[in-house]
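Structure first, then comments.
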Amino acid sequence: MSVISELVVANPTDLAARMSMLEAEITQLKSRVPDNKVSIILLSGDFDKAMAAFMMATGATAMGMEVTMFFTFWGCSVIKKGRKLKGKKLTHKLINLMLPGNSEALAPSKMSFGGIGRKFFNYMMKGEMASLEELMQLAVESDVRFQICAPSLGLMGFHADEWKVPVDICGVAAMYEVALKARTAYFIS
């Protein structure tokens, strides 16, 4: 006995309706697929954590990904130009005196060795890997987007002109707008 195949021709209007429904489903699914972006939120002002954040950022841009870094609280010290006290109220001066002045003054989170730890790591890194300052410059050249937490600026007394990289001053909602659409999001504390 032979097998007989039947060709069933669908009603053209049913086919058009099904195609329209499938296209709507595909559009809806595409809206939920993350973009080719990375979001890095840096809370820490520690040297090693800042290094990791900038290595991840520059590595992602080298892979063609769009990167946004959001700096909040102690993380803001990483991209400051230096310590600025003039024109600040007493509480803001005290906070600024307790924080590192800039990226070159950051201490490692472990093995600080009474303040010599950063010099030790810089010595070990020389010729082996880029410095934090070189990674920051590479991030700027690679079009990494830098966001600064507006509430942190107010609380810690930072001003809009204290940054060594171009920044967007924004709130948490802007950070989430990026992070929720990113393929990968890191929170470094």
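The values are calculated or read from the model by the stated rules, or taken from the named source; none is laboratory data. Given the structure is predicted, the values throughout are model-derived calculations rather than measurements. Note: ideal-geometry Cβ built from the backbone for every residue, glycine included; neighbour counts use all protein chains shown.
In region 113-130, the residues that are farther than 12 Å from Phe47 by Cβ and part of a helix (DSSP H, G or I) form no Cβ pair under 6 Å with any partner that is at pLDDT 75 or above and among the charged types (D, E, K, R), whether six or more places apart or across chains.
Let's see how each residue does on (1) within 26 Å of Ala60 (Cβ to Cβ); (2) surrounded by 15 or more Cβ atoms within 10 Å (Cβ to Cβ); (3) of a type in the set (D, E, K, R):
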position	(1), (2), (3)
Leu90	no, no, no
Lys110	yes, no, yes
Gly114	no, no, no
Met124	yes, no, no
Glu128	yes, no, yes
Glu134	yes, no, yes
Ala139	yes, yes, no
Lys164	yes, yes, yes
Gly171	yes, no, no
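Only one entry in Asn96, Asn102, Asn11 is modelled with pLDDT under 90 and surrounded by fewer than 13 Cβ atoms within 10 Å (Cβ to Cβ), namely Asn11. When residues of region 110-139 are filtered for being modelled with pLDDT of 75 or more and small (Gly, Ala, Ser), how many remain? Number of matching residues: 4. May I ask you to verify whether Leu138 is farther than 20 Å from Leu43 by Cα and either in contact with a helix residue (DSSP H, G or I) (Cβ under 6 Å, 6 or more places away or on another chain) or assigned to a helix (DSSP H, G or I) (or both)? Taking the combined requirement at face value, the residue satisfies it.
Can you name the condition, by its number, that Gly45 falls short on among (1) assigned to a helix (DSSP H, G or I); (2) closer than 26 Å to Lys110 by Cα; (3) over 11 Å from the mean Cα position of the chain (by Cα)? Here Gly45 meets the rest and fails (1). Give region 161-184 a look and list any residue that's among the aliphatic types (A, V, I, L, M) and out of contact with any strand residue (DSSP E or B) (no Cβ under 6 Å at 6 or more places or on another chain), or say none. Scanning region 161-184 gives Val172, Ala173, Ala174, Leu180. Applying the selection to region 167-184, what residues are assigned to a strand (DSSP E or B) and within 14 Å of Val33 (Cα to Cα)? Matches in region 167-184: Ala182, Arg183, Thr184.
Can you work out which of the residues in region 15-42 that are buried (at least 16 other Cβ atoms within 10 Å of the Cβ) and of a type outside the set (Val, Ile, Thr) is farthest from the chain's Cα centre (by Cα)? Residue satisfying both the conditions and the ranking: Lys37.
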